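Here is the structure we will look at.
The values are calculated or read from the model by the stated rules, or taken from the named source; none is laboratory data. Quick caveat, the model's predicted, so the values are computed rather than measured. All Cβ positions, even for glycine, are placed from backbone atoms using ideal geometry, and neighbour counts span all protein chains on display.
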Amino acid sequence: MKQSLLKMSDLSKSDIDDILNLAVQLKYETKNGIAHPYLAGKTLGMIFQKSSTRTRVSFEVGMYQLGGHALFLSSRDLQIGRGEPVEDTARVLGRYVDAIMIRTYSQKEVEDLAKYSGVPVINGLTDYEHPCQVLADLMTIREYKGTLEGLKLCYIGDGNNMANSLIVGGLTVGMSVAVACPKNHLPHPDALAFAENYPGKLLVTQDVKEAAKDADVLYTDVWASMGMEAEVEQRMQDFKGYQINAEIEALAKPDVIVLHCLPAHREEEITADVFERHAGEIFDQAENRMHVQKAVLVNLMG
């Protein structure tokens, strides 16, 4: 594993396997009250330019369980929010903390933070990718299916950071990936270029039914992410029909699991009945954020 986790393509299949295996161990120890202070005396600086529930709580609790300390830093609290160049903030923080997690808009900001800080940097979400979420997704799929190799993952909705990350992560671990999205909301060209290394393993289509057919995993996300508030009305039109509902669920395999990175807007990207029928998987997925992130932290800081 590289010094930082900036995007899914930083990870090889072996890296992902190692993270998931360690996450399983840490989850077992957590559930059974077995202490694992692998990061005693270490501090994680957490920069938030986007609000968060799961990212903040999972990293903060995870660092505590690992014996370390997490320091919450909102953009309102930092000079970076008042125009200080990211490279200056990076060089200062790198002298105080042992690693940095950042949740922000620009992927370049994350890359610059890693370039100048001198300490490991973890991408907690950008508009381009969400690697921590996809690691939790892969952990959850493996828990339910016993394997990742050969499964079909179907993502329905916006070709956003989740679509980009699922394409790269899914293909890397041996899954085939089908993405159903409107033609004006396609995944990032870099994610599509990555898929060229896996010929025949990625389907991008406007046909939701084609994408969902025989899927082992159905996955969706909100139609309008943070920062897209001005586009909500248009997006409601663009994504009409791009919904996981009982009809789409029936096209997948009988033992399909349904995942959602949350928060969910019931009756938009997913119906309430499908969500509740698969709530067990979805909230296991949310819990697994903490376990995989702890594994990443141990790999980078331990």
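Of all residues in the stretch 75-106, those that are crowded, with 19+ Cβ neighbours inside 10 Å and under 18 Å from the mean Cα position of the chain (by Cα) total 5.
When the stretch 222-237 is examined, which residues are found to be in a loop (DSSP other than H, G, I, E, B) and modelled with pLDDT of 90 or more? Give the steps one after another, and end with the answer.
Just the residues of the stretch 222-237 that are in a loop (DSSP other than H, G, I, E, B), to begin with: 222-228.
Passing the criteria: V222, W223.
For the stretch 191-243, the candidate set comprises residues that are small (G, A, S) and over 22 Å from the mean Cα position of the chain (by Cα); within that set, the residue that is surrounded by the fewest Cβ atoms within 10 Å (Cβ to Cβ) is G200. Is it true that some residue in the stretch 179-190 is touching a residue at least 24 places away in the same chain (Cβ under 8 Å), assigned to a strand (DSSP E or B) and surrounded by 16 or more Cβ atoms within 10 Å (Cβ to Cβ)? Taking every residue of the stretch 179-190 in turn, at least one turns out to be touching a residue at least 24 places away in the same chain (Cβ under 8 Å), assigned to a strand (DSSP E or B) and surrounded by 16 or more Cβ atoms within 10 Å (Cβ to Cβ). Checking the stretch 90-99 against the condition returns a match, with at least one residue being assigned to a strand (DSSP E or B), within 22 Å of Y38 (Cβ to Cβ) and in contact (Cβ under 8 Å) with a residue 60 or more places away in the chain.
Restricting attention to the stretch 30-63, which residues are under 20 Å from M226 (Cα atoms) and assigned to a loop (DSSP other than H, G, I, E, B)? Once the filter is applied, which keeps residues that are under 20 Å from M226 (Cα atoms) and assigned to a loop (DSSP other than H, G, I, E, B), the stretch 30-63 yields Q49, K50, S51, S52, T53. The set of residues in the stretch 1-15 that are touching a residue at least 40 places away in the same chain (Cβ under 8 Å), surrounded by fewer than 16 Cβ atoms within 10 Å (Cβ to Cβ) and either outside the structural domain of D98 (by TED's automatic domain parsing) or under 20 Å from A99 (Cα atoms) (or both) contains only Q3.
Just for helices (runs of 4 or more DSSP H) wholly inside the stretch 244-302: which have at least 1 residues that are touching a residue at least 40 places away in the same chain (Cβ under 8 Å) and within 19 Å of the chain's Cα centre (by Cα)? If you could, list the steps in order and put the result at the bottom.
Working: elements: 246-251, 272-277, 279-301.
Here the list reads 279-301.
Here E129 meets each of (1) within 30 Å of Q237 (Cα to Cα); (2) in a helix (DSSP H, G or I); (3) not hydroxyl-bearing (S, T, Y) with one exception, condition (2). In the stretch 147-163, the residues that are farther than 22 Å from E269 by Cβ reach residues that are basic (K, R) with C-beta atoms within less than 7 angstrom, at least six apart or across chains, in these pairs: L148/R142.
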